[in-house]
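Asker: Quick one: structure below, then a few questions.
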Amino acid sequence: VDEGARLSRRSLLGLAGGLGLAVGAGVGVGVDRALDGEPGARETIPFHGLTQAGITTPQQERLAFAAYDLQLTTPGELRELLRTWTTAAGTLATGSELGSRVQNHWQPPNDTGEAAGLPPARLTITFGFGPTLFETVGLGSRRPSQLASLPPFPGDELDLQRSDGDLCVQACADDAQVAFHAVRNLTRLAFGSASLRWLQTGFLSSPPNEATPRNLMGFKDGSNNLDPSDRTRMAENVWADGGDGQPWMAGGTYLVARRIRIRTESWDRTPIGEQEQIFGRHKADGAPLGGRHEQDPVDARRVPADAHIRLANPRRRGSERERILRRGYNFADGLDPAVGELDAGLFFLAYQRDPRRQFVPIQARLAASDGLNEYIQHRASAVFAIPPGTEPGGYVGATLLGATR
Ligand code: HEM
């Protein structure tokens, strides 16, 4: 695990301070999050904290991501669902089964059972709200302006049935069955309140002696990602602040999801020199063109101005403000029946403080001139507000729904 990806106790306390939240000396709820990457916490990631787990958590190897359409219509019903989900998520994160073992023989079991006996596998469950949720439950005035639907981009080929959603659940674990089990059981608990709209699974394996995992184009992905231990940058670029317009989002963030198919057939026939020019990095070690090591600075004389890494981060005045925390997963969903080719690619996930000033301008530049566009298709899109975390006894979403009926 990349040292830099660990959120230190100090940075967490700093975050708490920055958000104006109280953290008790050493044992505050948020401090648990500081244990994410420490030895002894390898199996279990605390569900509770000032921020939700699954954002700064060093990336697990498996993803099950679900989006839901609401069937309920009132804030009170939404509160009940989120209470149920929060309680279940807290239990699942410890590796326990849902409900008691003693059950009525005439009823279906409380837990579907496929994770029985499996370790928690660093399971994290992260909940989010889509832009459409607010009107549906009559809370239109509480929708953050940051949570605007994304504009269309040139080249988008979006499948609307696989896009958007009122609610989302991101389950990450080092075991595919544990992640899937979490989403499946939360879906079951939502019966009658919310129905599954789409589901995306993903995987991401890190080589043992190499910090940065690779995407399905064969390149290291994440070399110049935001460092979650960089307090100042995280406060500036990822965590929503009470002053951002909707105080209930303080300690939350915004997630952009894009299902990006890779045309592996044509990519795999592209010369390596061209592949490297397109990204602006060497394939073998991830060093920027002209550099020798992955973390070498990008030399504008050696990396083409239209390379992916320069369009995504122009490294000019003000572009630091656009930087996002990427946490995507590879996917391989069999064949795309329309073309008879692999339906595989990158399920791009990125956390940020305001998609309008971060994802949108980056993607506008990429959609206009990225050499990668010949080899990729954006097939689905969604944006969610990720509310702050909760203490034991509370529920995710309480800052929004606590005082409503
Ligand atoms: C299939 C689609 C994509 C692939 C395969 C891909 C791959 C990569 C690779 C290999 C790197 C260089 C290593 C690194 O710093 O992580 C990179 C960097 C980056 N990508 Fe992408 N990317 C894709 C889509 C996107 C999208 C849609 C965005 C945002 C709109 C994006 C934003 C970035 C950013 C911000 C960087 C870091 C640039 C830097 O600071 O040097 N990427 N990407």
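Asker: So N373 passes all but one of these: (1) within 18 Å of T264 (Cβ to Cβ); (2) in a strand (DSSP E or B). Which condition number does it fail?
Answerer: (2)
Asker: Can you tell which of G155, G202 is farther than 21 Å from G252 by Cβ and more than 20 Å from the chain's Cα centre (by Cα)?
Answerer: Working: G202 fails: more than 20 Å from the chain's Cα centre (by Cα).
Residue meeting the stated conditions: G155.
Asker: Considering the range 347-370 alone, what residues qualify as being more than 30 Å from W267 (Cβ to Cβ) and either out of contact with any Ser or Thr (no Cβ under 9 Å at 6 or more places or on another chain) or acidic (D, E) (or both)?
Answerer: Correct list: D354, R357.
Asker: Go through the residues of the range 178-189 one by one and say whether even a single one is more than 12 Å from L92 (Cβ to Cβ), touching a Phe, Trp or Tyr at 6+ places or on another chain (Cβ under 8 Å) and either buried (at least 19 other Cβ atoms within 10 Å of the Cβ) or hydrophobic (A, V, I, L, M, F, W, C) (or both).
Answerer: no
Asker: Next question. Filter the range 247-290 down to the residues that are surrounded by fewer than 20 Cβ atoms within 10 Å (Cβ to Cβ) and among the charged types (D, E, K, R), then identify the one that is nearest to A235 (Cα to Cα).
Answerer: D285
Asker: Name the residues in the range 114-130 that are outside any strand (DSSP E or B) and touching a residue at least 40 places away in the same chain (Cβ under 8 Å), would you? Walk me through it before giving the result.
Answerer: Just the residues of the range 114-130 that are outside any strand (DSSP E or B), to begin with: 114-123, 130.
If the condition is that a residue be outside any strand (DSSP E or B) and touching a residue at least 40 places away in the same chain (Cβ under 8 Å), then E114, A115, L118, P119, P120, A121, R122, L123, G130 are the ones that fit.
Let's see how each residue does on (1) more than 26 Å from L160 (Cβ to Cβ); (2) buried (at least 16 other Cβ atoms within 10 Å of the Cβ); (3) within 13 Å of the ligand (Cβ to nearest atom):
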| site | (1), (2), (3) |
| --- | --- |
| D299 | yes, no, yes |
| I309 | yes, yes, yes |
| G334 | no, no, no |
| V339 | no, no, no |
| A344 | no, yes, yes |
| P355 | no, yes, yes |
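Asker: Sort out which residues of the range 103-128 are aromatic (F, W, Y) and farther than 17 Å from V183 by Cβ, and write them in order of number.
Answerer: W106
Asker: Among what's in the range 126-168 and is surrounded by fewer than 23 Cβ atoms within 10 Å (Cβ to Cβ) and of a type in the set (F, W, Y), pick the residue that is farthest from T399 (Cα to Cα).
Answerer: Looking at the filtered set, the residue picked out is F153.
Asker: So in the range 379-394, with the set limited to residues that are buried (at least 23 other Cβ atoms within 10 Å of the Cβ) and either among the aromatic types (F, W, Y) or assigned to a strand (DSSP E or B) (or both), which one is nearest to the ligand (Cβ to nearest atom)?
Answerer: Quick first cut of the range 379-394, residues buried (at least 23 other Cβ atoms within 10 Å of the Cβ) only: 381-390.
Filter once more, so that each one left must be either among the aromatic types (F, W, Y) or assigned to a strand (DSSP E or B) (or both): 381-386.
Numbers: S381: 10, A382: 13, V383: 12, F384: 16, A385: 19, I386: 18 Å.
Per the stated criteria, the residue is S381.
Asker: Which one of these is under 29 Å from V303 (Cβ atoms), more than 15 Å from the ligand (Cβ to nearest atom) and modelled with pLDDT of 95 or more: R258, R233, R269, R263?
Answerer: Numbers: R258 fails: more than 15 Å from the ligand (Cβ to nearest atom); R233 fails: more than 15 Å from the ligand (Cβ to nearest atom); R263 fails: more than 15 Å from the ligand (Cβ to nearest atom).
One residue alone meets the criteria, R269.
Asker: A further question on this structure: Looking at S205, S229, which is the one that is surrounded by 17 or more Cβ atoms within 10 Å (Cβ to Cβ) and among the polar types (S, T, N, Q)?
Answerer: On the way: S205 fails: surrounded by 17 or more Cβ atoms within 10 Å (Cβ to Cβ).
Exactly one residue qualifies, and that residue is S229.
Asker: Also, quick follow-up: Only helices (runs of 4 or more DSSP H) wholly contained in the range 176-294 count here; list those with 1 or more residues that are more than 30 Å from E341 (Cβ to Cβ).
Answerer: 176-189, 231-237
Asker: Suppose the filter is within 26 Å of M217 (Cα to Cα), without any contact (Cβ under 8 Å) to a residue 40 or more places away in the chain and more than 12 Å from the ligand (Cβ to nearest atom); does A305 pass it?
Answerer: Working: within 26 Å of M217 (Cα to Cα): yes; without any contact (Cβ under 8 Å) to a residue 40 or more places away in the chain: yes; more than 12 Å from the ligand (Cβ to nearest atom): yes.
Considered against the rule, which asks whether it is within 26 Å of M217 (Cα to Cα), without any contact (Cβ under 8 Å) to a residue 40 or more places away in the chain and more than 12 Å from the ligand (Cβ to nearest atom), A305 comes out as yes.
Asker: Does any residue in the range 345-369 that is of a type in the set (K, R) come within less than 7 Å, Cβ to Cβ, of a residue that is buried (at least 21 other Cβ atoms within 10 Å of the Cβ) and assigned to a helix (DSSP H, G or I) six or more places away or on a different chain, and which pairs are these?
Answerer: R353/N237; R365/L311
Asker: I've got another one for you. Looking at this structure, is R365 within 21 Å of I386 (Cα to Cα) and either within 8 Å of the ligand (Cβ to nearest atom) or not aliphatic (A, V, I, L, M) (or both)?
Answerer: Judged against the criteria, R365 is not a match.
The values are calculated or read from the model by the stated rules, or taken from the named source; none is laboratory data. None of these values were measured; they are calculated from a predicted model. All Cβ positions, even for glycine, are placed from backbone atoms using ideal geometry, and neighbour counts span all protein chains on display.
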